[in-house]
Amino acid sequence: MPDGCRLAARIWLPEGAEDDPVPAILEYIPYRKNDATALRDGPIHGYFAQHGYASLRVDLRGSGDSEGILEDEYLPLEQDDALAVLAWIAEQPWCTGKVGIIGKSWGGFNGLQIAARRPPELCAVISLCSTDDRYSDDVHYMGGTLLACDMLTWASTMLAYSARPPDPAVVGDSWRAQWLDRLERTPPYVEAWMAHQRRDEFWQQGSVCEDYAGMRAPIYMVGGWADAYRDAILRMVEHYPGPVKGLIGPWAHIYPHDGNPGPAIGFLQECLRWWDHWLKGIDTGIMDEPRLRAWMQDAVRPASSYAERPGRWLVDPGWPSPNVESRPYHLTADRSLTDEPAGEAGELPVTGVQASPTDPGVWCAYGGPVDMPTDQRLDDGVSLAFDGPELTSPVEIYGNPVARLTVRADRPQALVAVRLCDVWPDGTSTLITRGLLNLSHRDGHEHPEPLEPGEAYEVRVLLTSTAYAVPAGHRLRLAVSPTYWPWAWPSPSPVTLRVATGGASVLDLPVRVSAGDEAVPFAAPEAAPKPAHEPRGVGAETREIRRDTASGAVELVHSHGPFGGFRLPDEGLDYRDQATDTFRIVEGDPLSASVRCDRTVEIARDGWRTRVETTSTMSATATDFLLTNAVEAFEDGVRIFTDHRTKTVPRDNV
């Protein structure tokens, strides 16, 4: 890098590339190319190399085997380094000078951010499971509410990942000094995230929605309805003025050739069509096809996971779709949803409960066995629920439903959670989509203002986009509550929310009214082989709700292994990580809310064994958030580093 910092890369080259240069593909992320993501990287980058591309996996500064410190997500320095990496790639004798970027999640984010820097070498981007808006559409805040389910859990994961050592087999004898430097100087990211509870310049940096036209590269946005980041695909198709395509399948936060829920698709073949068009000038026909393809999901009974989501592919020329219309459904005093205003104006109160009766599922699904929310009937029962009539014909929801509510709260700080459900003839309730709004953010996320207790406000709650076909004979249900733990951090005091009826509150439902042309099905998945590996024991992923009827305390405990455990025999390397997240609250007491996150990462070779353990906690008083972060590092079973930090952050209208 220009400042002398060295980044580590793994390169897959086609045979003969040194004599006959080829375009290159870059993936640029902090998750360790040589172990943690090795089983995922080989099939992707090896496939690109097999089909005439140099493909590179680069560890970000301060991660894996790269030097330096990773001080936070998506900083300008990360983008500066990327510009230097792109220039280096383009200068290599095996490269034609044309480079594409592919990445999922972090790599999808920074692919867009790098495009906004307009490097001349960058000719195309494939961005998966990413966002254009770091404040409104990421792990930190949702509708201005603090995402209790993900803010600390992701921060603690990065605390552990950033504490992993470089590999001495790669970096040599300096590995221990680099590791200690990394341990001593990498901050807990959550401290900065919590210091910015409104949408300010901290979040605007790296949010390409600030200037869509500032990017310069053809962009292919990809994701799934089970993933947390699908809204950005629709926004990018709508707002990006350059060449853009969108693809939304039924998938979680994973690559579509591994797609879960299924069906998986031949995504790497689709990537080649994109790369061949933009990096090799081959007319693959990809830009002659509709800009947006999405999977219309058939109705399913609630379950904690799905191997497949039945449905069909749709195509649209862009977004908003000419095949979608908005249908209003009015909330009435008898708790109905009607297509016409009914009854006199009135109000219905709801206080809600601090702990959801059932597990609401994860915010960002990874295709695991306990990702999805189960039957919503118990949650519907403690919410203010409005039921529509039995449908006489199917209704295909496609886009972002919006709840326009007139509400009054008895406290200056309050939130509203809105869920849209599919109610089956036997009463089973399947969650379709949901949304949150911190009511102090009712006029925007930049300048929140407390409520005036008792005053009526018209607010707009955006529900996450979806494509879901509700069959005839089913009903729609809209459920409203001022609580939604452990997704939303609770308001400082219990809140009674009053929702106006009789035409004052409306659900705007996006409905596909024209079937349109259905997309040609994708080919079956292809990929290069995974590297040789042997599984190592990591416990099964579980989510368990524990209730103490005497105290009213409720705990949700989520145990999982993000990258799991395995041995790479050709490398002589063992890797294992394990995580446990505990969300606790006492019924009736929002100030009892707390989150605890425990992480363990073990990396070893013969004669070299390391372990990192971290614990992070978050709790709150009426005026402050309380954060703790502890890190311990071990070499050959001996503790060589320990650190414990505490931080108090004032609540800012949360």
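Throughout, read-outs are computed from the coordinates displayed, never taken from laboratory work. Keep in mind the model is a prediction, meaning the values are calculated, not measured. Every residue, glycine as well, gets a Cβ built from its backbone with ideal geometry; the counts of neighbours run over all protein chains shown.
Okay, here's what the table says:
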item	result
Relative exposure of Met372, Met1, judged by other C-beta atoms within 10 Å (fewest first)	Met1, Met372
Residue-span extension gain [Ala523 to Asp643] - 0.36 nm each, minus C-alpha spacing	38.1 nm
Residue order, fewest to most surrounding Cβ atoms within 10 angstrom, among Glu518, Glu344, Glu602	Glu344, Glu518, Glu602
Cα centre as origin, Lys/Arg/Asp/Glu Cβ charges: the chain dipole, Debye	520 debye
Neighbour net charge for Ala217 - beta-carbon separation under 15 angstrom, K R +1, D E -1	+2
Rounded to the nearest 20 debye, dipole of the stretch 35-82 from Cβ charges on Lys, Arg, Asp, Glu	400 debye
Calculated [θ] (222 nm, deg cm²/dmol) that DSSP helices of n ≥ 4 give over the chain, each run adding -39,500 (n - 2.57)	-4500 deg cm²/dmol
Folded to 0 to 90 degrees: helix 267-279 orientation relative to the chain principal axis, Cα	70 degrees
Rounded to 5, the percent of DSSP beta bridges in the stretch 20-171 classed as antiparallel	10 percent
Magnitude of the charge dipole, the stretch 305-383, Cβ model with Lys/Arg +1 and Asp/Glu -1, debye to 20	260 debye
Global geometry of the stretch 151-246, whether rounded, prolate or oblate, following the gyration tensor of its Cα atoms and the 1.5 cut on a/c	prolate
Neighbourhood net charge (12 Å Cβ-Cβ; Lys/Arg +1, Asp/Glu -1) for Cys95	-3
Beta bridge orientation in the chain: antiparallel %, DSSP, nearest 5	80 percent
Per-residue HN-Hα couplings for the stretch 162-172 [Karplus 6.51, -1.76, 1.60; θ = phi - 60°; Hz; x = Gly/Pro]	6, 8, 6, x, x, 8, x, 5, 9, 9, x
Computed E for Thr428/Asp19 - FRET, C-beta separation, R0 60 angstrom, nearest 0.05	0.40
Cα gyration tensor category, rounded, prolate or oblate, for the stretch 324-512 with a/c compared to 1.5	oblate
Cβ-defined net charge surrounding Tyr28, 9 Å radius [Lys, Arg +1; Asp, Glu -1]	-3
Unit charges at the beta carbon, dipole of the stretch 369-521: most positive-side option, Phe386, Gly399, Cys421	Phe386
Whole-Å distance, taken between Cα centres, linking the stretch 272-303 and the stretch 388-407	28 Å
Answer label for semi-axes √(5λ) of the Cα gyration tensor in Å (calculated), chosen among (i) 40, 31, 22; (ii) 86, 42, 22; (iii) 43, 34, 26	(i)
Prolate/oblate/rounded call for the stretch 290-333, Cα gyration tensor, a/c under 1.5 rounded	oblate
Sequence of Lys104, Lys98 once ranked by neighbouring C-beta atoms within 10 Å, starting from the fewest	Lys98, Lys104
